[in-house]
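Report on the structure given below.
The values are calculated or read from the model by the stated rules, or taken from the named source; none is laboratory data. If you're wondering where the values come from, they're calculated on a predicted model, not measured in any experiment. Methodologically, a virtual Cβ is constructed for each residue, glycine included, from the backbone with ideal geometry; neighbour enumeration extends over all protein chains shown.
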Ligand SMILES: [Zn+2]
């Protein structure tokens with residue numbers, strides 16, 4: 001699963017959770033942005049650092065140990081300094097997004113990586129092997145699904161034109177960056 005697929009599945013989980021625990025105090029837009037960021041954090045960390053430098057596409061960002069350590073450190077920092085931008089449960093929502101990411105990756109994610117370092121080290125997969133994902137039909141389907149979920153959410157929440165523009169620019173930037181990396185690395189490693 002790629003970024004848009006991860007975002008789509010995290011948003012579906014959020015919609016289900018907020019439907020079950022209906023609460024008027026929830027800031028849905030903020031929470032949806034946070035859970036989406038959480039849902040792409042493991043890849044944002046692991047693909048540039050792990051894949052491009054060490055040849056490990058799913059690295060520490062895909063381990064529960066890292067996720068929990070990150071959560072505990074940020075929690076301690078926000079409890080101590082109480083930054084004004086922080087809202088209660090922000091970090092829990094981010095962590096939920098990251099856990100949903102790991103579940104989404106489960107079909108191809110080695111248990112050694114999830115439970116690192118308890119079951120052993122990381123599996124080296126090649127610097128650019130993660131770029132080949134678009135050759136799988138499942139990846140394409142989940143990416144389109146992600147765009148659909150975001151679009152439906154935007155329509156039902158009556159997003160303003162600026163929100164649509166931001167989302168469109170982010171998606172276009174991500175696809176362009178991916179295409180550039182793919183074209184670049186395909187000449188070097190593949
Ligand atoms: Zn991943």
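Observations
- Residue match in region 33-45 (condition: within 17 Å of residue 90 (Cα to Cα), more than 16 Å from the ligand (Cβ to nearest atom) and in contact (Cβ under 8 Å) with a residue 12 or more places away in the chain): yes
- Test: residue in region 134-147 that is assigned to a helix (DSSP H, G or I), closer than 18 Å to residue 34 by Cα and modelled with pLDDT of 95 or more: yes
- Qualifying residue in region 10-23 (condition: within 16 Å of the ligand (Cβ to nearest atom), farther than 30 Å from residue 158 by Cα, touching a helix residue (DSSP H, G or I) at 6+ places or on another chain (Cβ under 8 Å) and outside any loop (DSSP other than H, G, I, E, B)): no
- Scanning region 145-154 for residues that are touching a residue at least 24 places away in the same chain (Cβ under 8 Å) and either loosely packed, with under 14 Cβ neighbours inside 10 Å or more than 26 Å from residue 58 (Cα to Cα) (or both) yields 148, 153.
- Among the candidates 35, 53, 49, residue that is at pLDDT 90 or above and in a helix (DSSP H, G or I): 35
- If you go through region 155-175 and keep only what is more than 19 Å from the chain's Cα centre (by Cα) and surrounded by 11 or more Cβ atoms within 10 Å (Cβ to Cβ), you end up with 157, 159, 163, 164, 165.
- Every pair of residues 6+ apart whose Cβ atoms lie under 8 Å, when the first sits in region 1-17 and is under 15 Å from residue 41 (Cβ atoms) and modelled with pLDDT of 95 or more while the second is outside any helix (DSSP H, G or I) and within 16 Å of the ligand (Cβ to nearest atom): 9/1
- Qualifying residue in region 92-106 (condition: more than 14 Å from the chain's Cα centre (by Cα), in a helix (DSSP H, G or I) and either more than 13 Å from residue 130 (Cβ to Cβ) or within 15 Å of the ligand (Cβ to nearest atom) (or both)): yes
- Exactly one residue among 29, 87, 80, 75 is away from the ligand (no atom under 16 Å from the Cβ), in contact (Cβ under 8 Å) with a residue 60 or more places away in the chain, farther than 26 Å from residue 134 by Cα and not in a loop (DSSP other than H, G, I, E, B), and that residue is 29.
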